[in-house]
Amino acid sequence: MEPKEFIDELNKVQDLLSQEKYSEAITLLENLKGIERQANFNYNLTHKLYQLDSNALSLYNQQKILNLISEISQKQNVITFAELQKKLKEVENIALDETILKREIEILILRNLVSCSIEGNRLFFS
């Protein structure tokens, strides 16, 4: 694949992310990572690819966490990160380390997408 085509594909990924089509973006990124391993693109393209990959995965996780938190917060006022981690694995088939889960929730809070607070290893819903 030529660098121009690769750039076009990266732009498609950015469009998918802006449309919140995270699964499609991740699939395209996986294909691009395979191409990148066999090509000799410059550092800027490789950096952009892996930056988009990290962002897409984080946004995908946040979307799934947000959906789960929305359900849980209607039934209870507090949950531990260990319980949330277990439910995320059961319901969404996503296994996240507890520190990553906490970081993703902190980002959701900063983005004003969820109204809760973190105290120690517990999440309190408001």
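Taking the condition of being in a helix (DSSP H, G or I) and surrounded by fewer than 13 Cβ atoms within 10 Å (Cβ to Cβ), how many residues in the range 87-99 meet it?
3
Tyr60 - would you say it is under 27 Å from Ile118 (Cβ atoms), at pLDDT 95 or above and among the aromatic types (Phe, Trp, Tyr)?
Yes, satisfied.
Being in contact (Cβ under 8 Å) with a residue 24 or more places away in the chain and either within 13 Å of the chain's Cα centre (by Cα) or in a strand (DSSP E or B) (or both) narrows it down to one residue among Glu24, Glu20; which is it? Before you say what the answer is, go through the steps one by one.
On the way: Glu24 fails: in contact (Cβ under 8 Å) with a residue 24 or more places away in the chain.
Exactly one residue qualifies, and that residue is Glu20.
Out of Leu59, Leu49, Leu17, Leu66, I need the residue that is of a type in the set (A, V, I, L, M), open to solvent by less than 20 Å² (accessible area, probe 1.4 Å) and on the phi < 0 side of the Ramachandran plot. Which one?
Answer to the selection: Leu49.
Can you tell me how many residues within the range 20-46 are open to solvent by 70 Å² or more (accessible area, probe 1.4 Å) and either touching a Gly at 6+ places or on another chain (Cβ under 8 Å) or β-branched (Val, Ile, Thr) (or both)?
Within the range 20-46, residues that are open to solvent by 70 Å² or more (accessible area, probe 1.4 Å) and either touching a Gly at 6+ places or on another chain (Cβ under 8 Å) or β-branched (Val, Ile, Thr) (or both) number 1.
Has the range 56-79 got at least one residue that is aliphatic (A, V, I, L, M), outside any helix (DSSP H, G or I) and either touching a residue at least 40 places away in the same chain (Cβ under 8 Å) or out of contact with any helix residue (DSSP H, G or I) (no Cβ under 8 Å at 6 or more places or on another chain) (or both)? Working first, answer last.
Kept after step one, since they are aliphatic (A, V, I, L, M), are these residues of the range 56-79: 56-57, 59, 65-66, 68-69, 72, 78-79.
Those left that are additionally outside any helix (DSSP H, G or I): 78-79.
When the remaining residues are screened for being either touching a residue at least 40 places away in the same chain (Cβ under 8 Å) or out of contact with any helix residue (DSSP H, G or I) (no Cβ under 8 Å at 6 or more places or on another chain) (or both), the result is 78-79.
So far as the range 56-79 goes, yes, one or more of its residues are aliphatic (A, V, I, L, M), outside any helix (DSSP H, G or I) and either touching a residue at least 40 places away in the same chain (Cβ under 8 Å) or out of contact with any helix residue (DSSP H, G or I) (no Cβ under 8 Å at 6 or more places or on another chain) (or both).
The values are calculated or read from the model by the stated rules, or taken from the named source; none is laboratory data. Since the model is a prediction, treat every value here as computed from it, not as a measurement. So basically every Cβ, Gly included, is an ideal-geometry build from the backbone, and we count neighbours across all protein chains shown. The area values use the complete protein model at the heavy-atom level, side chains included, leaving out ligands, DNA and RNA. Shrake-Rupley method; radii C 1.70, N 1.55, O 1.52, S 1.80 Å.
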